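All of the numbers you see were taken from the coordinates with simple rules; none came from a lab. Remember, predicted model here, so these are calculated numbers, not experimental data. Note that we place each Cβ from the backbone using ideal geometry, even for glycine, and neighbour counts take in every protein chain shown.
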């Protein structure tokens, strides 16, 4: 029975070990970029420490066990002990970081590289962008190069600069063999409109609009400059004051937080009379773990796969885990729920008892002074915000009576504070009101001709119910006087804080980058079942779509397989015509039962057959000439090479066997 070392192959030398570690690190990199920063930093630090400690000799088994327990416990604790998609990816990265601790021999290195190839695939569970794909391909290519180096090392082939280029060509050749089949599967294999199964959710939700709103909880969202949605208008573009992207409507207030009233959302959509102005647009929503679909205020109908709630919010039946697109139409309402049911009116006036007494007193005073003129009270509140309030992201944590503190003490805050205080003030004055969350504004990408709305554009505004008009949008944050807008996201970007830090001068670079990302989304991620069928229609294929796709895929797959077989046969075929002729001669003798044994040198084989026939006697002279041609150190004469080639092709074994 072979020893353990014999089964595991020879020990690695320093250069080959370095290649394997570098390839594993390249495979791990794209996955680390998608994990939370603290988790990714801890795993990267662990990988460096393990590689350094185990460079000369493997770590003892008890230390490896302690490291594994510590790392796995840390990963689970960081994700709340919930096994979800990001938890599994973090555990995979952690296991890969620990793998060098037992990498000593060739078989260990192959195990490390095979395991490392799972990391780029796991990356696509978290992100499917072009950067993840490019880094994944680099990691896979380096893993192939490392595997080829391991094969050379195990075979004892001397490594040189030329050998490195040979391995590089071989790696690209392996990629080229499978590329046509992969492209055929991507373009032509029938895609399902909905997946047969789903991947587990994330233990930590991706940034997005929440179903609740609490003062000071939006600071992280307002500092996140990543894209939330992209919009392309067809025709008229709404003015800046009309670019409100409606998300959740919040009704219930407990003195601190606002939440949805699901019993209201479950009611049929309210009666709306749209205005004459219509906006036609395509909305591209970035993935989140929410089900809410924002739309320009107000959507005229629910697109396919979504449903309208009572307040004209859109939602899907499952989380938006992948990029989605919808074609929509919206219009500002002329009237919105002008005949509000009594139950909803009571919900729009409800306030918790024992909170914000100073706000209630001010609202009651305004009601006495305004009489039945609700619009006058609305104008008075907006004028108050304009005259004496300031906008800033730097706000202290609120106490029990948060609205009182904001209206009478600090008088500083951002959209959460303004919308919450405004709605409480309206309700206390007897005016039905509610909070609406979503996004506001957006920046125009001049290169791609579309609007980009970032997560930092998250906004909260108010709606008040006025007789004859129904719900009317009022944005108390926009009422703040411009000279009292102090600490904003743009200020923090100019100062170098957060994601935007120091990037203000590179706006055009970001426009190009986002335009390229949108193209990737459109060309790759957006290639769904509908666009696949449209591809057939463009080719004037009117038959059953799935059957036609299967036929096209079968034809393309056969061509791809033929290409793969030709490439493999071409690689296995001897390129030197003289050697090919020599091997063909040996096969002709083998068919007569006179073949050369695998261990037998060529001249020894020819001497063994010498004298058995005139052809076999001639074989000895031909073999001697071939050996001189093959192994002689002098320059080969082209004329003699051609003569030898002709004789090898013409020579036949005894009895004229062909």
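Each semi-axis of the equivalent ellipsoid for segment 208-336 is √(5λ) with λ an eigenvalue of the Cα gyration tensor; in descending order they amount to 23, 19, 15 Å. Seen from a random direction on average, the alpha-carbon convex hull of segment 217-499 projects onto 15.2 square nanometres. Distance from the alpha carbon centroid of segment 36-58 to that of segment 409-440 works out to 49 angstrom.
Pairs of Cα atoms nearer than 8 Å and 6+ residues apart set the relative contact order; for segment 267-320 it is 43 percent.
The label-point distance for residue 408 and residue 637, in a model that sets each label 7 Å from Cα toward Cβ, rounds to 11.5 nm. Note on residue 53 and residue 650: the model spin-label points, each 7 Å out from Cα along the C-beta direction, lie 7.3 nm apart. Computed over the alpha carbons of segment 4-159, Rg followed by Dmax gives 15.7, 51 Å. Averaging the Cα positions of each part gives two centres, and for segment 69-129 and segment 364-395 these lie 56 Å apart.
Over segment 261-389, the alpha carbon radius of gyration divided by the compact-protein estimate 2.2 N^0.38 Å works out to 1.35. Distance between the C-alpha centres of segment 600-622 and segment 218-258: 88 Å, rounded to the whole angstrom.
Rounded to the nearest whole angstrom, the semi-axes of the ellipsoid equivalent to segment 408-468, taken from the Cα gyration tensor as √(5λ), stand at 30, 16, 7, largest first. Semi-axes of the equivalent ellipsoid of segment 577-656 are 21, 13, 12 Å, computed as sqrt(5λ) over the eigenvalues of the C-alpha gyration tensor in descending order.
Normalised by the number of residues in segment 217-499, the average gap of Cα pairs under 8 Å and 6 or more apart makes the relative contact order 25 percent. Computed on segment 577-656, with alpha-carbon pairs under 8 angstrom and 6+ residues apart, the relative contact order is 42 percent.
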